[in-house]
Amino acid sequence: MAYSQKVLDHYEKPRNVGSLDKAATNVGTGIVGAPECGDVMKLQILVDEATGKIVDAKFKTFGCGSAIASSSLATEWVKGKTIDQALEIKNTDIVQELSLPPVKIHCSVLAEDAIRSAIADYKKKRATSAAPGAPAAGSVQSQSASV
Amino acid sequence: MSTSDPFALLGLPRRFDLDLAELQRRFIQASSANHPDRFTDPLDQADAADRSAAINEAHRALLDPQSRAEALLDLLAAQAKGAGAPAAPADAKALPPNLLMEMMEAREKMEEAEASGDQPALAELAAWARRERDERLVALGAALTQAAALPINDHARLGAALQSARLELNAIRYFRRMIDQSPETRDDR
């Protein structure tokens, strides 16, 4: 399978690999997967609560080159955007930017899902932390792997 | 092979718990009967070569439990649809709760263990993934056996059994991917 130059570039030099503190109330975490192939992707956003802008984003993807490139690109694109602007990013934009072939379109869908899921997690945390007496937003951490 | 029926092609019953010795017997029989060398006419030979390829493909699909389950699930779902089951009620991406979270954490641990050369941790993670895969294969087999035994017009129970098989199959792909990408598996190649 021939990867496009842009996919190779993101694959060889992935942007924003890493993790943010998923317990922090201003961090949204999205974990998504593609059952077709078993790829898993984590995308996290750090939101400036005063401006509503995404000031940092990190990802970790265990999957093929296209999945890594799609999530790397997604972190680049969400940075500096408000969460509403970030929600406008479509998988077709990613397909176009990376020239993904039809068999790899699901990788771009995964990246779009990851953005949405991270934003949904952030919004949920905000709603929870705004409620008086609500437990701190760290519930995701209690689901540890049984390894 | 999703368009054809590997069970029918090899004259085997549509079931997950296949008799593997019988599968082997049928495969050898079918292969020898359709071997291109048995034919002299070039057109007959070409046809036989096509049939042989399909027979090989069917054998491969049925030998591996996961691909056998995929084939059977597709056939049973098509059958249910043909019998007037509600169109596409199944969630094709269904997964056990927390599986993605668990998988992400396990993959991060595997990445760390690989970076630090922690062989015991790597072995433990790979063993965990294989154990999970095997347990889910058993559950998958049970769901498919149940689905195959249900009356074709029992849409509710059949739908539930097929959905539960789909969920296990989806989960298995993640464990399989982890096993395939674990350092010990990669080094074996």
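The values are calculated or read from the model by the stated rules, or taken from the named source; none is laboratory data. On a predicted model such as this, the values are computed, not experimentally measured, just so you know. As a convention, Cβ positions derive from the backbone with ideal geometry for all residues, glycine included, and neighbour counts pool all protein chains shown. SASA here: full protein model, heavy atoms, side chains in, ligands and nucleic acids out. Shrake-Rupley method; radii C 1.70, N 1.55, O 1.52, S 1.80 Å.
So the values come out like this:
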{"quantity": "Relative contact order (%) - region B:93-189, alpha-carbon pairs under 8 angstrom, separation at least six", "calculated": "40 percent"}
{"quantity": "Gaussian network model of chain A, springs between alpha carbon atoms under 10 Å - residue of A:15, A:126, A:116 with greatest fluctuation", "calculated": "A:126"}
{"quantity": "Under the Karplus curve 6.51 cos²θ - 1.76 cosθ + 1.60, θ = phi - 60°, whole-Hz ³J(HN,Hα) for region B:42-50, x wherever Gly or Pro sits", "calculated": "x, 5, 4, 5, 5, 4, 5, 5, 4"}
{"quantity": "Column: log10 I(q)/I(0), Debye, Cα scatterers of chain B, q = 0.10, 0.11 Å⁻¹", "calculated": "-0.54, -0.64"}
{"quantity": "Global geometry of the protein assembly as shown, whether rounded, prolate or oblate, following the gyration tensor of its Cα atoms and the 1.5 cut on a/c", "calculated": "prolate"}
{"quantity": "With Cα atoms, 0 to 90° folded angle of helix B:99-116 axis to chain B main axis", "calculated": "70 degrees"}
{"quantity": "Region B:93-189: C-alpha gyration tensor shape, a/c 1.5 cut-off, then a/b vs b/c", "calculated": "prolate"}
{"quantity": "Structure-based [θ]222 nm, chain B - -39500 (n - 2.57) summed over DSSP H runs of at least 4, per residue, nearest 500", "calculated": "-25000 deg cm²/dmol"}
{"quantity": "Positive minus negative residues near residue A:77 (Lys, Arg vs Asp, Glu; Cβ under 12 Å)", "calculated": "-1"}
{"quantity": "Residue-normalised accessible area of chain A, given per residue in Å² at a 1.4 Å probe", "calculated": "45 Å²"}
{"quantity": "Amide hydrogen neighbours beyond the local backbone of residue A:53, cut-off 5 Å, H modeled", "calculated": "A:48"}
{"quantity": "Global geometry of region A:19-107, whether rounded, prolate or oblate, following the gyration tensor of its Cα atoms and the 1.5 cut on a/c", "calculated": "oblate"}
{"quantity": "Rel. contact order, % - alpha carbon contacts under 8 angstrom, at least six apart, chain A", "calculated": "29 percent"}
{"quantity": "Excluding exposed DSSP-loop GluC sites (Glu not before Pro) (at most 12 other C-beta within 10 Å), longest clean stretch of chain A", "calculated": "A:89-147"}
